[in-house]
Every structure is written in C-alpha cells, then in structure tokens.
Amino acid sequence: MVVKAEISSGLAAQRRNPPVLFVYTGNPLPPHARQNLLMARRRYSGRVALLSDRKQDIPGVDCIDISEWYDQRPFQDFCEASPLDPNFRGGFWLRATERFFIQNQYMRHAKLERSFQVEMDVLILDLDGYAEVLDGCGLGVFAPMEAPSQAVASLLYVNSLDALSRLCVFTVENASIGNEQKILGHFIDAHPDMGFGLPSNHAL
C-alpha cells in the first residue's frame, strides 16, 4: 500500500508540474551543466529533460537526441535574416534563439501542453506548483521582463502551443531586432493577450 501511495503521489506531481526542459546544442556541454541538471532533478518533482544534438547520460535526467525529430529549416531562416555574429562564442546568440524552435517542436513531438524551459546556468530552487499559478494568469508565453521591450529566457514557461508557434514565426519575421532577449521582449509587448512578464523589477 505504501508503494502504491508513493507511485500515486509521484504521478500527481508529474501532472501538477510540467517538464522542465534544458536545451543545449552546437557545443559540448559545459562543465557546470551536469551538476546543474543533477540539482534540478533533486529539487523538482516533475520530469527534467535535456534536449541536445549530442548523446548525453545523466542519471535521472531524460537525455533526448533532437536529431530524430528536429527540423532546422525555420531556425536556418532566422539565421539567414539575423544580424547576429554567427562566430561569437561558437554561435552563442544564434543558439540561444534556437531554443524557441526546439521547445516548440519538442512539445509537439511529445504531445505536451505545458513546459518550462530553463537556461543552463540557472538554478532551480522551487518550481513546484508554479505552473498552476501561471495557468491562472492566462495562456501563452511567460518570461521575466528585464526592460521595456526586452525579456530574458532564463525561465520560459509555455502553456499554449499556439503562442509558442507565434513566437517562432515572430522570431523569423523580426530577426533584424537582434538577440533573443530583444525579440522575446518585443513579442510580449506586441501580444499582451499571449505574452506575459514574470516577476522582475520591471514587471512589478
């Protein structure tokens, strides 16, 4: 009975807490990433997944090879139109933007309605139940606003695939804006019905 209760509790937590996704492509995983992923696994009762174009093996973390389903063409359209330096830190700014496209395609591939995306250098301390709070605020894309028309994707929550798809289209069509922070901020400003600022000094 105790085992069944623990399984039931675990399933309830999974339903309450959508997956936390870490996305890392183009370069080898940095040394701190493994420890951060292991900490996230310990601190979060939902599923933790790493989406990467390199094979990884991290205990308790779903390491997913994106090459089986990821279509790079929308991202390549962005790269061709972007003024960002493709050689800066191994394509850092371009890869940062690519995360929108990967999250969008993975959610569709895995049939997810909600997910968090967390940057590799962000520590997860307590996200349990946060998705439910945000679901009560609206449907769309949530990110901290750093300044007017600029957001940071340190923590990105999505509870609407339509909104995430709109963000990807917006990203390609507005590549001239610059990096993903500016694009995300402009998207939230332009679409208040599906773009929401998470708590920050600017949003508050």
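The values are calculated or read from the model by the stated rules, or taken from the named source; none is laboratory data. Note that the structure is predicted; figures quoted are calculated from it, not measured. In this analysis, Cβ positions are derived from the backbone assuming ideal geometry, glycine residues included, and neighbour counts consider all displayed protein chains. Quick note on the areas: whole protein, heavy atoms, side chains included, nothing else; ligands and nucleic acids left out. Shrake-Rupley method; radii C 1.70, N 1.55, O 1.52, S 1.80 Å.
A few points about this structure:
- Mean separation of Cα contacts under 8 Å (6+ apart) over length of the stretch 67-180, as relative contact order %: 35 percent
- Stretch gain in nm, segment ASP71-ASN87, where the contour uses 0.36 nm per residue and the Cα spacing is subtracted: 3.6 nm
- Label-to-label distance for GLU132 and VAL169 is 3.4 nm, based on points extended 7 Å past Cα in the beta-carbon direction.
- Couplings for the stretch 180-186, taken from phi via the Karplus curve 6.51 cos²θ - 1.76 cosθ + 1.60 with θ = phi - 60°, read 5, 5, 5, 4, 5, x, 5 Hz in order; Gly and Pro are left as x.
- Per residue, the average separation of C-alpha pairs within less than 8 Å and at least 6 apart gives the chain a relative contact order of 22 percent.
- Tilt relative to the chain, helix 92-109 - C-alpha long axis, 0 to 90 degrees, to 10: 50 degrees
- Solvent exposure of ASP193, expressed as accessible area, is near 100 Å², computed with a probe of 1.4 Å over the protein chains only.
- Axis angle, to the nearest 10 degrees, between helix 2-16 and the longest C-alpha principal axis of the chain: 20 degrees.
- Amide H partners (placed H, <5 Å) of ARG114, local residues excluded: none
- Long-range amide H partners of GLY195 with built H, under 5 Å: VAL141
- Near LEU50, the amide H atoms lying under 5 Å from its own belong to PHE22, ASP62, CYS63, ILE64; only residues 5 or more places off or on other chains count, and H is placed 1.01 Å from N.
- The chain - percent of accessible surface contributed by carbon and sulfur, probe 1.4 Å: 53 percent
- In the calculated pair-distance distribution of the chain, the portion above 23 angstrom amounts to 44 percent of the Cα-Cα pairs.
- Overall shape of the stretch 69-178 was characterised from the C-alpha gyration tensor. The equivalent ellipsoid obtained from it has semi-axes of 24, 16, 14 Å, in decreasing order.
- Computed lengthening from ALA147 to ASP189, 0.36 nm per intervening residue step minus Cα-Cα distance: 14.0 nm
- A Förster distance of 22 Å, applied to the separation of the beta-carbon atoms of ARG16 and VAL122, puts the FRET efficiency at 0.55.
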